[in-house]
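The values are calculated or read from the model by the stated rules, or taken from the named source; none is laboratory data. All values reported here derive from a predicted model rather than from experimental measurement. All Cβ positions, glycine included, derive from the backbone under ideal geometry; neighbour counts span all protein chains shown. Just so you know, the surface numbers come from the protein's heavy atoms only, side chains and all, with ligands and any DNA or RNA stripped out. Shrake-Rupley method; radii C 1.70, N 1.55, O 1.52, S 1.80 Å.
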Amino acid sequence: MQIAILTLDGFNELDSFIAAGILNRMKPQGWAAHITCPTPEVTSMAGVTIQRQKPLDFLAEADAVLIGSGIKTRDYAADPAFLSRLTLDPSRQLIGAQCSGTLLLAKLGLIGDLPACTDLTTKPWVIEAGVNVVDAPFVAHGNVATAGGCLASQYLAAWMIARLATPQDAEDAIHYVAPVGEKAEYVARAISAVTPFLTDENTLAA
């Protein structure tokens, strides 16, 4: 599985890096999560500059895409030229978005009036885009999921692993990164957040 983690200038480190760290626990199974950016370098909201691993056109070939948030996402969402470069296909890709990343999905027409999650700052903008925002950390509809809150990135990663591998793989990945002495609680919380959105029809594992 090849996964693109869309990371834009002004990005939130917790969104991109936590998801990448958890998803790359699946490397022994042939997975790879790549920081994917429109420019060779991007700088986080805290001033951390990183180099991209994949260019923007990698979105089209990835098996799954996660969209993080950032302080400039509203500007990106208002740029038709940028939006036209986001080639996403929920019929064959899993697509997840976090916080202001949900605004990008809304602008791309991938949410419609379905319930979605975002952070408190972005909420008015997502509602303005016609989305029904719910007070929840995670929700999924078919192959599209949204999450609200920086640390909800673990839910997006767990959902993606459960869908593209198995729920047990998701439990193992969360268990690995969870704090010592609290692993059972962290695993239970993450799995309980995503399990309602896992069905026999939706799980893609062989």
What ranking, highest mean first, results for peptides 127-134, 96-103, 12-19 when packing means the other Cβ atoms within 10 Å averaged over each residue? 96-103, 12-19, 127-134
Is the stretch 6-87 rounded, prolate or oblate when judged by the Cα gyration tensor, a ≥ b ≥ c being the square roots of its eigenvalues, rounded requiring a/c under 1.5 and prolate requiring a/b larger than b/c? oblate
Return a single number: how many Lys pairs in the stretch 1-156, at a sequence separation of 8 or more or on separate chains, have alpha-carbon atoms below 26 angstrom apart. 6
Counting only protein heavy atoms with a 1.4 Å probe and every protein chain in place, the carbon and sulfur fraction of the accessible surface of the chain in whole percent equals 54 percent
Which of the listed residues, G101, V42, P80, is farthest toward the dipole's positive end in the chain, when Lys, Arg count +1 and Asp, Glu count -1 at the beta-carbon? V42
With an 8 Å cut-off on Cα pairs and a minimum separation of 6 or more residues, tell me the relative contact order of the stretch 123-172 in percent. 19 percent
Tell me the mean residue ellipticity at 222 nm calculated for the chain from its helices only (DSSP H runs of n ≥ 4, each -39500 (n - 2.57), averaged over every residue, nearest 500). -9000 deg cm²/dmol
Taking amide H positions as placed in the peptide plane 1.01 Å from N, state which residues far from G70 in sequence (5 or more) or on other chains have amide H under 5 Å from it. N12, S100, G101
Checking rank on 71-80, 146-155, with mean other Cβ inside 10 Å and highest first, the result is 146-155, 71-80
Around A97, which amide H atoms from residues at least 5 apart in sequence, or from another chain, sit under 5 Å from its own amide H, with H modelled in the peptide plane? I67, A145, T146, A147
Residue by residue, what Karplus-based ³J(HN,Hα) values in Hz, rounded to whole numbers, does the stretch 49-56 have, using 6.51, -1.76 and 1.60 with θ = phi - 60° and x for Gly and Pro? 9, 10, 9, 5, 9, 9, x, 4
Quick calc, the stretch 89-148, dipole around Cα centre from Cβ unit charges on Lys, Arg (+) and Asp, Glu (-), nearest 20 debye, gives 120 debye
Rounding to the nearest 20 debye, state how big the charge dipole of the stretch 29-175 is about its Cα centre with +1 on each Lys and Arg Cβ and -1 on each Asp and Glu Cβ. 240 debye
In sequence order, what are the phi-derived ³J(HN,Hα) couplings for the stretch 85-99 according to the Karplus relation 6.51 cos²θ - 1.76 cosθ + 1.60 with θ = phi - 60°, rounded to whole Hz, with x for glycine and proline? 8, 8, 8, 10, 9, x, 6, 10, 10, 7, 10, x, 9, 10, 6
Mind checking the per residue accessible area of the stretch 63-143 for me, 1.4 Å probe, whole number of Å²? 44 Å²
Under 8 Å for C-alpha pairs, at least 6 residues apart: give me the relative contact order for the chain, rounded to a whole percent. 18 percent
